[in-house]
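Right, one structure below, let's go through it.
Computed from the coordinates by the stated procedures, all read-outs in this text should not be read as laboratory data. Values in this document were obtained by computation on a predicted structure and should not be read as measured data. Cβ coordinates were reconstructed from backbone atoms using ideal geometry, including for glycine residues, and neighbour counts include every protein chain displayed.
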Amino acid sequence: MKKITILGLVLILLSFSLVGCGSNADQAVKVPSSVQTQKQEENQKLKESSISTVHVDKDSEKPNYFTSRAEAKITSTKNHLTWNMDTITLTAKKSSTTITSIKVNTGASQYDLSIPREIKIQPTDLTSIALSPSEKFIAINVFIQNVGNLLMVVNLDNGKSITLNNLTHVSYETIHAYNWSPIDDQLAFSYGDTSYSKLAIYDFNNQELKNLPEIKHLVSTMYIMWNKDGTDFDFISESPPDEFKLYRYEGITNTAEKISPISRQEFPKYKKFTPNYFRF
């Protein structure tokens, strides 16, 4: 009888031990499952964060910008400037206050440009010159004191010139920035006054002006940079005052959108893709 009792007690203790092992085994399965779920959630958050970072990174968004294949040679004195690229030479003369003469020599022809009245009556400086990639047109930017920038474009086949400021029908406007497309003799430019900026493209081959979708509250535009295909361009504008942003215009969809904020310290890396500015 005593042996039976002891055996029964052993069996009871053994059964409790087995139950405990079963419970521990269940717990051992549940812990890794919980850890795995938490790890998956953390990995998903990290992935989403990574996607968001890439989306707003302006260096990854920035396309390959078009730049002129050659730089112009510029020599100047107090009253005389010579600009030369390939076979095209522009010479300008000025008095103590204003531009008095602009001539363009293509090698085959020479043109003595008619100076707009605004330049004749106001103190002025020649600030940039840009030859179109086709070498059919040359843009001449002149700063007029107390007025703004006037942009003349000369057809090098016949010497005729137009003033882009007169195309947009806005009084006292200025041309903030401009740049030639690498194809089709198209010129993108921004215009307005000291408090607002709009963008447009002028097609010189078809003589058509295309106003771009308006972006509200643009104060001014500093630079315009075409992509190498000539389909889209980026531009840097001020909005609101003293705050700058990189925008992109897409020609196929005719839309413009903000890419990212930008600081003044970043200007030099974009400036090299735009017309060379100077003061004469």
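Observations, loosely collected:
- Cα gyration tensor shape of segment 141-267, rounded if a/c is under 1.5, else prolate or oblate by comparing a/b with b/c: oblate
- Prolate/oblate/rounded label for segment 151-217 (Cα gyration tensor, a/c 1.5): prolate
- Chain lengthening between N166 and E208 when straightened (0.36 nm per residue, less Cα-Cα): 13.8 nm
- In terms of distances greater than 21 angstrom between alpha carbons, the cross-link table entries K78/K160; K73/K271; K93/K271; K210/K269; K136/K269; K198/K258 yield K78/K160; K93/K271; K210/K269; K136/K269.
- Note, ³J(HN,Hα) from phi for segment 242-250, Karplus 6.51, -1.76, 1.60, rounded to Hz, x at Gly and Pro: 6, 10, 10, 9, 9, 10, 10, 9, 10
- Backbone HN-Hα couplings from phi across segment 72-87 [Karplus 6.51/-1.76/1.60, Hz, Gly and Pro as x]: 6, 9, 10, 10, 8, 10, 4, 10, 8, 10, 10, 10, 9, 8, 6, 9
- Tensor-based shape of segment 99-147 (alpha-carbon gyration tensor, a/c under 1.5 rounded, otherwise prolate or oblate): oblate
- Residue among S114, H217, F244 farthest towards the positive dipole end of segment 101-258, charges placed on Cβ: S114
- Rounded to 0.05, the FRET efficiency of the D86 and I115 pair, given R0 = 30 Å and the Cβ-Cβ distance, is 0.75.
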